[in-house]
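The values are calculated or read from the model by the stated rules, or taken from the named source; none is laboratory data. Computed from a prediction, not measured in an experiment: that's the story for all the values here. Because the Cβ atoms are built from the backbone with ideal geometry, glycine has one as well, and the counts that use them run over all protein chains shown.
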Amino acid sequence: MSDVADQLTKLAALHRSGALSDAEFDAAKAKLLGAATPPQPPGWPPLPPPPSQASPTPFKTGPAVSERRRHPVRNSLGFLGFVILAIVIVVAAPGGNSTTGKSTTGKPAAPSSGTPGIGHVAKDGDFAFVVKSVTCGASAAAAVNSGGFGERIPSGAKECLVTMAVTADKRTAQTFFACNQYAYDATGRKFSTDGDGVLYLAHSNYMTQVNPGITIVALVPFQIPSTDQLVRLELYDSAFSAGVTVGLGA
């Protein structure tokens, strides 16, 4: 090893004097040190290469996301959630089927043979209606005129007054509104309650809360053309109920 040290000292001196460049000095030093490596005893494993010559350990990457095995439970839950969302969108879409509410478009259907008439019970929501009578003409006009202080019937029109019993036949109170009731003629024209006339009717009960088991008598006026005739009523326990049709036998 002293020979190696002497030779390294000489190489260093030559490098300092400029006789050897940096690259030449490094190459000569590496060669000298490599030759000085003692041989391995028989049966010993070979020495590992110097760090600069060792092969870098390859970086192992996992399988691509697309190649990984997906979790079956997560896949099932995701598909189920998609199906539920699709059903909600279809049900909530405009134009879907509905079993509640009254139609506001199109011509009302004519009463069927099973339609209740005057004197029969007709139920809608919390109310049971019984139409007692329908009076049109001078007597109905006088009722809403209230002795000259009430409504005057315009030319070409006539007043019709519907008298009905309204019973709250469920377990909760409900308010009766005359303005929720409608009348129709033979051509399907729809008439709303005479809002001015109802204010002058005595004991009309046009807006009355009815407790369970209680019956009130309500007067509901309609103004229609003088040559026209009412053929049926649509009665509602509220503005949001399905309604019930009552035929007037005309």
Practice prompt. State yes or no: is residue 185 touching a residue at least 12 places away in the same chain (Cβ under 8 Å), under 16 Å from residue 157 (Cβ atoms), in the same structural domain as residue 160 (by TED's automatic domain parsing) and surrounded by 21 or more Cβ atoms within 10 Å (Cβ to Cβ)?
Written response: no
Worksheet item: How many residues are exposed (fewer than 14 other Cβ atoms within 10 Å of the Cβ) and modelled with pLDDT of 90 or more if we restrict to region 196-214?
Response: 6
Worksheet item: Is it the case that residue 165 is out of contact with any strand residue (DSSP E or B) (no Cβ under 8 Å at 6 or more places or on another chain), over 20 Å from residue 224 (Cα atoms) and in the same structural domain as residue 224 (by TED's automatic domain parsing)?
Response: no
Worksheet item: Taking only pairs six or more apart or across chains, which ones have beta-carbon atoms under 7 Å, a first residue in region 199-211 that is assigned by TED's automatic domain parsing to the domain that holds residue 142, and a second residue that is β-branched (Val, Ile, Thr) and part of a helix (DSSP H, G or I)?
Response: 200/144; 201/144; 204/198; 206/198
Response to the item:
Taking region 19-42 and keeping residues modelled with pLDDT under 75 and assigned to a helix (DSSP H, G or I) leaves 34, 35
